[in-house]
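The values are calculated or read from the model by the stated rules, or taken from the named source; none is laboratory data. No experiment lies behind these values; they were computed from the predicted model shown. So basically every Cβ, Gly included, is an ideal-geometry build from the backbone, and we count neighbours across all protein chains shown.
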Amino acid sequence: MNYKQKLTEISTFIFDLDGVLTDGKVYFMKDEIVRALNSKDGYALQYAVKMGYTIFIITGGYNEDLKRRLIELGIKEVFLRSSDKLKIYSDLKQKYGFSDKQVLYMGDDIPDLPVIKEAGVSTCPQDACIDVKMNVDYQSPYPGGKACVRDVIEQTLRVQDKWLKDEAYNW
């Protein structure tokens, strides 16, 4: 089954944070760490939630303010300081009752590989590490933090005829 055909089964998105929703840069300020999120990715996340998709973030990073912002966008759960992403993924499947084939996962580095190998659709940003690129169904033409999340969400919703529906973007 090709990548586009697999998108017909997707009901759940799971994303890494650093290098996927951000460009991977971390700015150390006096008392905080700062990351930038792309507004196009943020819009697509909100849109997908409004269209009934479930979204999770699993990241090794830590930032409570960013977690709060992601929850405000409609993200179901955000897991920070995640050293065993596969364990969290397995727990989520059990808790929410979805199967591998219903999941699109996007990651960019070695800690993402175990989930990449399990998810129904595995994706990565254009600037992911080579080990990830060799193991995914789809490589976005966009680098991390530059609308790669928007790319995979939009493709999925278009395949499922849920993109540009009045009920989602008239709010």
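Only one of Tyr62, Tyr47, Tyr43, Tyr53 is surrounded by fewer than 18 Cβ atoms within 10 Å (Cβ to Cβ) and modelled with pLDDT of 80 or more; which?
None of the others qualify; the one that does is Tyr43.
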Residue match in region 87-105 (condition: surrounded by fewer than 16 Cβ atoms within 10 Å (Cβ to Cβ) and within 14 Å of Leu21 (Cβ to Cβ)): no
Residue ranges of helices (runs of 4 or more DSSP H) in region 64-171 with at least 3 members out of contact with any Asp or Glu (no Cβ under 9 Å at 6 or more places or on another chain): 64-72, 85-96, 148-159, 166-169
Number of the condition not met by Pro125 [criteria: (1) touching a residue at least 40 places away in the same chain (Cβ under 8 Å); (2) surrounded by fewer than 24 Cβ atoms within 10 Å (Cβ to Cβ); (3) closer than 17 Å to Gln155 by Cβ]: (2)
Of all residues making up region 80-92, the number that are touching a strand residue (DSSP E or B) at 6+ places or on another chain (Cβ under 6 Å) and at pLDDT below 95: 1
Residue satisfying all of: in region 106-119; touching a Leu at 6+ places or on another chain (Cβ under 7 Å) and crowded, with 20+ Cβ neighbours inside 10 Å; nearest to Tyr138 (Cα to Cα) among these: Ala119
Residue under evaluation Glu72, criteria (1) of a type outside the set (Lys, Arg); (2) free of Cβ contacts under 8 Å to residues at least 24 places away in the same chain; (3) under 20 Å from Ile116 (Cα atoms), criterion not met: (3)
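Sort through Gln160, Gln139, Gln155 and tell me the only one that's at pLDDT 95 or above and over 17 Å from the mean Cα position of the chain (by Cα).
Result: Gln160 is the single residue among Gln160, Gln139, Gln155 that is at pLDDT 95 or above and over 17 Å from the mean Cα position of the chain (by Cα).
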